[in-house]
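Working notes, structure below.
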Amino acid sequence: MPDTPTKSAAASLFTRPLTGKVALVTGSTSGIGLGIARAFAMAGADVALNARKVSPETDKLVAEIKAQAGTKVVCVAADMSKPDQVKASIPEAEKHLGKVDIIVNNAGIQHVEPIETFPDEDWESVIGINLSSAFYLTKAALPGMKKRKWGRIINISSAHGLVASAYKSAYVAAKHGLVGLTKVTALETAEEGITANAICPGYVWTPLVQKQIPEQAKAHNMSEEEVVKKVLLSNQPNKKFATVEEMGALAVFLCSDGGASITGTAIPVDGGWVAH
């Protein structure tokens, strides 16, 4: 018979379930990545943020999350377009925090243009940062996870990892690729105490999205309210933005004892977008 959770283990699901764990979240100085990093810290994990370079702004974020959560927090500088820097971020985080139990591949960029005019360099950049960096970070993190017989890998895909939109060839290809990479990783690590899952958000309320609203309103000659409902949220049946807090809560659950048997999944958080 398999071991059953103790009462104390069950109770930990509702307190600080990631106490003793260390997480590295890429692209985590704003938006979804920052929301997940904050949630991990508040759940008891020590956290390595990631930015292209350490700056006064990243120092301020580190100090802020430390004060809020009371856990160890550092910032690891790495350009996610450069494989050597991606790989080096694992030993760099280990140098400060001792190990890396959890990775979240969140770094991503976007370019919108028809295929026939889509610049080659933009294709390479989107695929490199959105997909290849996840492969390289996973490859670097797996040996330590296997040694400890415990690991959690979360890839931030998108509703566009499950369905397509015109003019987003590189982004859609990369996000579909992340779902495939998630499934392969899950199968290869299924007996190692490691899980791999993809979170597939629709539109999430972030500073980047907030910035798009007045720009889109001007471009479409619409009010900002019309842009939100008719352009940005046209594919989301609930007509609501998801929040970074929701992404963080799901990521914490997937890394907790309650998520131990969830692996190889692509979980939409999109207000019903992919249910069409």
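The values are calculated or read from the model by the stated rules, or taken from the named source; none is laboratory data. Values in this document were obtained by computation on a predicted structure and should not be read as measured data. Note: ideal-geometry Cβ built from the backbone for every residue, glycine included; neighbour counts use all protein chains shown.
Of all the residues that make up the range 132-152, how many are of a type in the set (Ser, Thr, Tyr) and in contact with a Leu (Cβ under 9 Å, 6 or more places away or on another chain)?
Qualifying residue count for the region: 1.
Taking the conditions (1) assigned to a helix (DSSP H, G or I); (2) farther than 20 Å from residue 212 by Cβ; (3) not aromatic (Phe, Trp, Tyr) in turn, residue 125 satisfies each one other than (2).
Applying the selection to the range 174-191, what residues are surrounded by fewer than 18 Cβ atoms within 10 Å (Cβ to Cβ) and assigned to a helix (DSSP H, G or I)?
Step one: filter the range 174-191 for residues surrounded by fewer than 18 Cβ atoms within 10 Å (Cβ to Cβ), giving 180, 183-184, 187-188, 190-191.
Matches in the range 174-191: 180, 183, 184, 187, 188.
Could we say that residue 113 is assigned to a helix (DSSP H, G or I) and more than 21 Å from residue 198 (Cβ to Cβ) here?
Numbers: assigned to a helix (DSSP H, G or I): no; more than 21 Å from residue 198 (Cβ to Cβ): yes.
So residue 113 fails the test.
Residue 110 meets all of the listed conditions (1) touching a Phe, Trp or Tyr at 6+ places or on another chain (Cβ under 9 Å); (2) within 22 Å of residue 50 (Cα to Cα); (3) modelled with pLDDT of 95 or more but one, namely (3). When residue 76 is tested against (1) part of a helix (DSSP H, G or I); (2) touching a residue at least 12 places away in the same chain (Cβ under 8 Å); (3) closer than 23 Å to residue 135 by Cβ, exactly one condition is not met: (1).
For the range 251-260, the condition holds for at least one residue, the condition being that it is surrounded by fewer than 20 Cβ atoms within 10 Å (Cβ to Cβ), part of a helix (DSSP H, G or I) and free of Cβ contacts under 8 Å to residues at least 24 places away in the same chain.
For the range 219-228, the condition holds for no residue, the condition being that it is more than 16 Å from residue 106 (Cα to Cα), touching a helix residue (DSSP H, G or I) at 6+ places or on another chain (Cβ under 8 Å) and touching a residue at least 24 places away in the same chain (Cβ under 8 Å).
Let's see how each residue does on (1) outside any loop (DSSP other than H, G, I, E, B); (2) acidic (Asp, Glu); (3) modelled with pLDDT under 95; (4) outside the structural domain of residue 209 (by TED's automatic domain parsing):
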residue	(1), (2), (3), (4)
24	yes, no, no, yes
32	yes, no, no, yes
37	yes, no, no, yes
50	yes, no, no, yes
53	no, no, no, yes
64	yes, yes, no, yes
